[in-house]
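Below is one structure; the comments refer to it alone.
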Amino acid sequence: MIKMSTPGDQLLSRIHAQQATVGIIGLGYVGLPLAVEVARGGFRALGFDVSERVVRGINAGESHIQDVSGDIVSAFVGEGLLSATTDFSRLGECDAISICVPTPLNKIKDPDLSYVATATESVLAALRPGQLIILESTTFPGTTREILLPILEKSGLKLGEDFFLCFSPERVDPGNPVWHTRNTPKVLGGVTDGCLTAGMALYGRVFDTMVPVESAEAAELVKVYENTFRMINIALANELAQACDRLGVDVWGVIEAAATKPFGFMKFTPGPGLGGHCIPLDPHYLSWKMRTLEYKTRMIELASEINAEMPEYVVGKVADALNGARKSVNGSRVLVLGVAYKKDIDDLRESPALDILRLLQDKGAEISYHDAYCPEIADDGHTPLRGLPMHSVELDAEVLRAADVVVVVTDHTEVDYGAVARDAALVVDTRGVMRGHLGGATVVGLSGESAARGGVRQQLAAV
């Protein structure tokens, strides 16, 4: 008797022959880099997005993501390996579908899975035997099995036989020159063993290193644990900065000295608050899930509270610094250096700079900013600043001298901090970048450290 090939066999055959078409829903910071790596792996990548502008740009060989060059997009589009569409009915063309849509939190920090649910309903409308679906969007443990699976089972198709379902957390780090989508180890968990086999077959040809785990829930928890670890340790560094401020000790010197220990220590640094698409949000997915199980994640809640208070702490530093110069915040000209959530990228998502600017506005300051990566803060309907759009000013001696206080919020490497020390009168430095730069400016840091003390330590270290 001749054994008939199953939908799973057919899927694996198409993957191994590199004949599979891979759909990517959501072409943002996660989806477009993934689509490019899928194309690099020799598969046809078909991107789906609701934005006509994004789709037109990709099909024209253009990139809207800083970490993805237009040349690479153009090359793969030219080879027929990459294209984009707003027509979600074409999901039926895809042998595998990766869902890379936002999973924001609402105002009370509960997960908003509406984008995931909408994307899954679109998949359901086109679902056919022999398809693999992989959720990449960060979420709480249980989402893949409890939210996606019931929607897809409405098709009447059977999980693990007709279609396959996995979770694989995105690990995008915008602006990282070493670790990018392909060479960052890729965690993958399947809802069934057959699902894991299918997912490994596909992603094993796209990523350099695969890390299979026991279940979709384990893979979901890996992502939230990674960023919860970072969030808690950043909170500890932020609390250390405030302790050092009261003790009159330079927090940066303490951290640098501690980091010389070759075991049992990992360096984290303080700053003006948390930003980005992961660290400020992901731990709350776990907190929410555990609340449904009547367990309180106390360490997450406390760390979140400490980090959320940092913008106000910074503004308090600005007010104290101005007071020391016999000026009030009200009416003072405040120049903020850097508004992206971290250095050398163009990403404003959850940036603490936006909170700092708002708090300064509320106190009556005349605010301006410089950020070569973010030339405009647009009026997107949820950025709580007055006078939007706001545009970056050119950074020169005249602008620095005109400011009553300069606040370093994001430490972009393109800024000449020596010139800031020379031309500004007063600087509040939240990143420790003014240490060692001598000039006429009075420098106030998160723990009251001065540029001169930093320079002395550098000299002593060189002896």
For this session: Can you grab the distance from the C-alpha centre of the range 404-430 to the C-alpha centre of the range 319-365, Å, no decimals?
Result: 12
For this session: Quick one: divide the alpha-carbon radius of gyration of the chain by 2.2 N^0.38 Å and tell me what you get.
Result: 1.09
For this session: Arrange the residues Trp288, Trp179 by how much accessible surface each exposes, largest first, with a 1.4 angstrom probe.
Result: Trp179, Trp288
For this session: Pull up the cross-link candidates among the lysines for Lys289, meaning alpha carbon to alpha carbon under 29 Å and not fewer than 8 places away within one chain.
Result: Lys107, Lys109, Lys154, Lys158, Lys186, Lys223, Lys342
Seminar exercise, completed: Between Ala259 and Arg386, Cβ-based FRET efficiency (R0 45 Å, step 0.05) works out to 0.65
Problem set entry | Met299 paired with Ser5, simple spin-label distance in nm, labels 7 Å along Cα-to-beta-carbon | 5.0
Problem set entry | Taking only Cα atoms of the range 303-372, radius of gyration then Dmax in Å | 12.6, 36
Exercise. So how much slack lies between Phe229 and Asp396, counting 0.36 nm per residue of separation and subtracting their Cα-Cα distance, in nm?
Worked result: 56.2 nm
Exercise. Tell me, what is the FRET efficiency for Asp110 and Arg422 to the nearest 0.05, using R0 = 60 angstrom and their Cβ-Cβ distance as r?
Worked result: 0.80
Exercise. So for the range 265-316, what are the equivalent ellipsoid semi-axes in whole Å, largest first, each being the square root of 5 times an eigenvalue of the Cα gyration tensor?
Worked result: 23, 13, 11
For this session: Tally up the carbon and sulfur contribution to the accessible surface of the chain as a whole percent, 1.4 Å probe, everything protein left in place.
Result: 54
Problem set entry | Qualifying trypsin sites (Lys or Arg not before Pro) for the range 322-384 [loop in DSSP, other Cβ within 10 Å: at most 10] | Arg326
Seminar exercise, completed: Counting every C-alpha pair in the range 32-137, the percent lying more than 24 Å apart is 26
Problem set entry | Charge tally in the Cβ shell below 12 Å around Thr410, where Lys, Arg are +1 and Asp, Glu are -1, Thr410 excluded | -4
Seminar exercise, completed: So, with points 7 Å from each Cα along the Cβ direction, the Glu312-Glu146 label distance in nm works out to 3.2
Exercise. Can you pull the Kirkwood radius for the range 311-451, inverse mean 1/r over Cα pairs, to one decimal in Å?
Worked result: 14.7
Problem set entry | P(r), alpha carbons of the range 215-321 - 5 Å bins starting at zero, rounded % | 2, 11, 18, 21, 17, 14, 9, 5, 2, 0, 0
For this session: Quick one: check the C-alpha center-to-center distance for the range 10-59 versus the range 116-161, whole angstrom.
Result: 18
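The values are calculated or read from the model by the stated rules, or taken from the named source; none is laboratory data. Computed from a prediction, not measured in an experiment: that's the story for all the values here. No Cβ is skipped: glycine too gets one built from the backbone with ideal geometry, and neighbour counts run over all protein chains shown. For the accessible areas, the whole protein counts, side chains as well, though only heavy atoms, and no ligand, DNA or RNA atoms are used. Shrake-Rupley method; radii C 1.70, N 1.55, O 1.52, S 1.80 Å.
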